[in-house]
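In what follows, a single structure is set out as structure tokens and then discussed.
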Amino acid sequence: MDNGTPACHIDSMVPPPKEAGSHPHFLQIEPLPGASLSSEDLCQIDSAPHGGRLRRPGFLYSPMRLFWNLRHQGVIQTFRTMFKPVAAIAGARLGVTAPPRLTPKLPDAVLDLQPGEVVEVKQFEEILQTLDGRGRCYGLVFTPEMKKHCGRRYRVFKRLELMFDEYRHTQRRLKNTVLLENVHCTGEGIGCDRACFLYWREVWLRRVEQN
């Protein structure tokens, strides 16, 4: 029934098209009055230390993480997730144990996924075969909370090719990595509400052919 109220409009989150010979991240921008083009004025996360009151000092991160794991996962699982990897690395450096497994050769690591395509996250057992001894695929960790997305289907939001590291103030180039629509980190185990996109290696995904 039309009561004269305009329909609610939701803007699309489709990434802006690339211009020939340029990257959308490098488009000319103008700083706000009183600001500069430094990373603190361009990245909200880089300015976060000035935008909120300190709740937990950095030196308390490890004890708090240990407490959270003991409370929610128990002693055995806490040992597996926190102490076993550290012990393996230390043992390898001392020559006592074998070095951690490297990322295996992945024949289907490149899918060239594009925004709008539908993909299915592979089963966890399949993803395990792509990880090294520290749970990483070419350096990118597969976090425990990503397991709940295994077997589900999502639409590709955009390719992740450039990333600004606000902690080291460096820019990194990623390969064969995408973001999925509405798939964000919930901060499980670390106490964070930022809801950052989760990063997905293409080898963790399977393209869904659409008719």
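Along each principal axis, taking the top coordinate minus the bottom one, the Cα set of region 106-160 gives 33, 22, 18 Å in descending order.
Our coupling estimate for region 135-145, obtained by passing each phi through the Karplus curve with A = 6.51, B = -1.76, C = 1.60 and θ = phi - 60°, is x, 10, 10, 6, x, 8, 6, 9, 6, x, 6 Hz, Gly and Pro reported as x.
Any read-out appearing in this document is the output of simple, stated calculations on the displayed coordinates, not a laboratory observation. What you see is a predicted model, and the numbers here were worked out from it, not measured in a lab.
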